[in-house]
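Undergrad: To start, I am sharing the structure in question, which I have written as structure tokens.
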Amino acid sequence: MTMVGILSAFSILAAQPAADTSGLGLFWNMADRIQAGFVPASTDWDVMFAHPGYAQIERSGQRRGVVQRCMRIVFQPDAEARMRELAEVTNPRTRRTCSHLDRVRERRRELSIMASDPRLQTAVQRGLDYARDYLPSAATGCAAPPVYIILFEDNGFGGESVATDLLSFMERSDEASERLLGHELHHSYLMRTTPPSTAPEADDVVETLRKMTWEGIASRIDKQQFFEPGFDVREPAMSETARQFRDLQTSTPARLAVIDGALAALDVSSPDYAAAAQVIGEQMPLGGHENGYYLAAVIEEEFGRPALAAVANRPIDFFRLYNRAASRRPTRFRFSPAAVNALARMESLSPEDPN
């Protein structure tokens, strides 16, 4: 093969993300030591969380503390103490993580087999295809991020890299796993192509709107299926999440009205961006997924997927495009003229990259 051919082949390979399971060994090593009666020190956990997959879940979701706590409970050698301490966990999210890791403990043999299943690599490739469907052209040209398959909770995080959970692959259908990866890969691509801020005074609001935009568009990848007939029966592991998401969709217009008020309050000579960002953040019970999905669905319905993808990294244009789409049906929520003026003011401070 010529040097040009070698370089071409390398560039093709570099563009394809691989399913990296190297973090699983660190997880099981820690689990085995706890089960043997070892009490890990902070420096021991540092080794595990230095792995890029575990570093990603801490960087994006601050999950180190809850994973440490649940691993200490779940893998302790005393079975009676384990059951008692699991029952004493009161925080709903911590309880879900501990329950997840308890199933990990019970299904270790199956997970060891699953770690080498070629479906993991297939899922990453299909996840990439799903992500690209909702990405602007400028974002699809960069190299694919690394994808780490680890064990922590039924979740995924996308940033500098993507991290998701092996047990989740076992408990979901192949399509649901692929779509979750698509959601997180979408985040990772956008993060790599986000332009630097040129208006720090408005950053608090712009970044909150960006989060809603990213989560809303990415949720079109993996949450449209929540509304399909029979989804809860087909995907029992996700039924609670799906029901919660559907319930929140019905109350989204009321939350958007509060957000509209916060944006409209910025249409003054001396806007308080920090206060507005706080109000907007308080109206994002699922971190922006629920509100953003509502807005993105209307845009895609009226203008199509390419138009939605084009504004994925331009939050102000995303909100304006929603208003245009919403105007086609009088019954839909629309942002007020004062809120739209405030968006224009923020755009003048920090012009959005047209790509």
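The values are calculated or read from the model by the stated rules, or taken from the named source; none is laboratory data. Every value quoted in this text rests on a predicted model; they were computed, and no experiment measured them. Every residue, glycine among them, receives a Cβ derived from its backbone with ideal geometry; neighbour counts consider all protein chains shown. Side chains included, ligands, DNA and RNA excluded: accessible areas come from the protein's heavy atoms. Shrake-Rupley method; radii C 1.70, N 1.55, O 1.52, S 1.80 Å.
Undergrad: Give me a count of the residues in the stretch 235-256 that are of a type in the set (Asp, Glu) and either open to solvent by 50 Å² or more (accessible area, probe 1.4 Å) or touching a strand residue (DSSP E or B) at 6+ places or on another chain (Cβ under 7 Å) (or both).
TA: Just the residues of the stretch 235-256 that are of a type in the set (Asp, Glu), to begin with: 235, 240, 247.
Adding the requirement that they be either open to solvent by 50 Å² or more (accessible area, probe 1.4 Å) or touching a strand residue (DSSP E or B) at 6+ places or on another chain (Cβ under 7 Å) (or both) leaves 240, 247.
Total satisfying the criteria: 2.
Undergrad: Can you confirm whether Glu175 is closer than 24 Å to Gly25 by Cα, out of contact with any Leu (no Cβ under 9 Å at 6 or more places or on another chain) and not aliphatic (A, V, I, L, M)?
TA: Working: closer than 24 Å to Gly25 by Cα: no; out of contact with any Leu (no Cβ under 9 Å at 6 or more places or on another chain): yes; not aliphatic (A, V, I, L, M): yes.
Answer is no for this residue.
Undergrad: What is the residue count in the stretch 291-314 for residues that are modelled with pLDDT under 95 and open to solvent by less than 30 Å² (accessible area, probe 1.4 Å)?
TA: The total comes to 1.
Undergrad: Oh, and also: I'd like the residue in the stretch 262-275 that is more than 25 Å from Thr250 (Cβ to Cβ) and in a helix (DSSP H, G or I) and, out of all such residues, is least open to solvent (accessible area, probe 1.4 Å).
TA: So in the stretch 262-275, the residues more than 25 Å from Thr250 (Cβ to Cβ) come out as 265-275.
From the residues that got through so far, the ones that are in a helix (DSSP H, G or I) too are 273-275.
Values: Tyr273: 18, Ala274: 57, Ala275: 44 Å².
Top of the filtered list is Tyr273.
Undergrad: Oh, and also: So which residues in the stretch 40-55 are among the aliphatic types (A, V, I, L, M), farther than 12 Å from Gly25 by Cα and either surrounded by 16 or more Cβ atoms within 10 Å (Cβ to Cβ) or under 24 Å from the mean Cα position of the chain (by Cα) (or both), if there are any at all?
TA: If the condition is that a residue be among the aliphatic types (A, V, I, L, M), farther than 12 Å from Gly25 by Cα and either surrounded by 16 or more Cβ atoms within 10 Å (Cβ to Cβ) or under 24 Å from the mean Cα position of the chain (by Cα) (or both), then Ala50, Ala55 are the ones that fit.
Undergrad: Can you find, within the stretch 227-252, the residue that is farthest from the chain's Cα centre (by Cα) among those that are at pLDDT 90 or above and β-branched (Val, Ile, Thr)?
TA: Thr250
Undergrad: Out of Leu181, Leu185, Leu167, I need the residue that is assigned to a helix (DSSP H, G or I) and either open to solvent by 10 Å² or more (accessible area, probe 1.4 Å) or within 21 Å of Glu106 (Cβ to Cβ) (or both). Which one?
TA: Criteria check complete, one pass: Leu167.
Undergrad: Could you tell me which numbered condition Ala79 fails, if it satisfies all but one of (1) more than 17 Å from Trp28 (Cβ to Cβ); (2) crowded, with 16+ Cβ neighbours inside 10 Å; (3) out of contact with any Ser or Thr (no Cβ under 6 Å at 6 or more places or on another chain); (4) among the hydrophobic types (A, V, I, L, M, F, W, C)?
TA: Failed condition: (2).
Undergrad: Out of the helices (runs of 4 or more DSSP H) lying entirely within the stretch 28-133, which hold 3 or more residues that are among the polar types (S, T, N, Q) and closer than 25 Å to Gly182 by Cα?
TA: Once the helices (runs of 4 or more DSSP H) in the stretch 28-133 are filtered for at least 3 residues that are among the polar types (S, T, N, Q) and closer than 25 Å to Gly182 by Cα, what remains is 119-133.
Undergrad: Continuing with the same structure: Scan the stretch 250-263 and report the pairs whose first residue is small (Gly, Ala, Ser) and whose second residue is in a helix (DSSP H, G or I) and modelled with pLDDT of 95 or more, with Cβ atoms within less than 6 Å and a gap of 6+ or a chain change.
TA: Correct list of pairs: Ala262/Ala276; Ala262/Val279; Ala262/Ile280.
Undergrad: Sticking with this structure for a sec: So in the stretch 188-226, with the set limited to residues that are open to solvent by 60 Å² or more (accessible area, probe 1.4 Å), assigned to a helix (DSSP H, G or I) and not polar (S, T, N, Q), which one is modelled with the highest pLDDT?
TA: Lys211
Undergrad: Between a first residue in the stretch 143-168 that is under 15 Å from Phe49 (Cα atoms) and free of Cβ contacts under 8 Å to residues at least 24 places away in the same chain and a second residue that is of a type in the set (A, V, I, L, M) and crowded, with 22+ Cβ neighbours inside 10 Å, which pairs have beta carbons less than 7 Å apart while being 6 or more apart in sequence or on different chains?
TA: Thr164/Ile149; Thr164/Leu180; Thr164/Leu181
Undergrad: Please pick out the residue among Arg220, Arg234 that is over 19 Å from Asp317 (Cα atoms) and not aromatic (Phe, Trp, Tyr).
TA: Going through Arg220, Arg234 in turn, just one is over 19 Å from Asp317 (Cα atoms) and not aromatic (Phe, Trp, Tyr): Arg234.
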